[in-house]
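J.: The structure that follows is given in the form of C-alpha cells.
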Amino acid sequence: MFEVLAFVFENYWSGEACPALPALQRKLNAVGFDDDEIQEALCWLEDLKSATRDLPATHAALADAPGNRCNQANLADAEVAVTTPGPHAMRVFTQAELACLGRDGWGLVTFLVSVGALPWHRLELVMDRVMATPAAELSVDDLKLIVLMVFWSLGEEPDALVLDELCDNSAQRVAH
C-alpha cells in the first residue's frame, strides 16, 4: 500500500491534481502495482479525502493562528463550530495508537508537534490515517509518508526544514 501512496505523492503534487479514483486505478494498474495494494491504497486515499473534505476551509487557517481560540463568531460558515484546544490542552494517545506508532514513530510525532508542523487538526488527521493502516507497527518511513499525504490532501506544503526531515532517508545519511 505504501509504495502506491508514494507513487501517488510523487506523481501528483497536490491532492487536487490527482485524477478521479477510476482513472487513478487504471494508471496504477498500468504501472504494474498489485490489485490488492491498489485497492487498499485507494480506500485509504478516499478516506483521507473524505476527512479533509469534512474539514471546514476556515478550520486550518484559524487553527494555525498563534494563540487563536476559534468560536462560532469567527467562522465564515456559521453552521460549523470549531474549537481550538486551549494552550494547556493535552492529547492523550491510546495504547493502540502508541503500539502502531512504535518508539521511533512516537519520537517523530513528538518532534513534529513540538516544532509546530502538526497542530491539533493535522495531528488528528495523521493519527486517523495511522490507525487506518493494516500494519501492527509502522516504520518511520511509512509514518513520514502518512504525514506528507496529510499535507498533500490539505493542499499545504510543510516548512522547508520539516519537509527536509520528512523526505530524509536516514539509511543514506552520512555522519560528520
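Every number here is computed from the coordinates shown, using simple stated rules; none is lab data. Being a predicted model, the structure only gives us computed values, none of them experimental. All Cβ positions, glycine included, derive from the backbone under ideal geometry; neighbour counts span all protein chains shown.
J.: Based on the Cβ-Cβ distance from ASP35 to ASP141, what FRET efficiency comes out when R0 is 22 Å, to the nearest 0.05?
T.: Given R0 = 22 Å and the Cβ-Cβ separation, E is 0.40.
J.: Continuing with the same structure: Over the stretch 1-52, what is the mean sequence separation of C-alpha contacts under 8 Å (at least six apart), divided by residue count, expressed as relative contact order in percent?
T.: On the way: 20 pairs, mean separation 24.1, N = 52.
About 46 percent, as a whole number.
J.: So, in nm, how far is label ALA99 from label ASP164 when the simple model puts each one 7 Å beyond its Cα toward the Cβ?
T.: Placing both labels 7 Å along Cα→Cβ, they lie 3.8 nm apart.
J.: What spacing in nm lies between the two simple spin-label points modelled at VAL113 and MET90, each 7 Å away from Cα in the Cβ direction?
T.: Going by the 7 Å Cα→Cβ label model, 1.0 nm.
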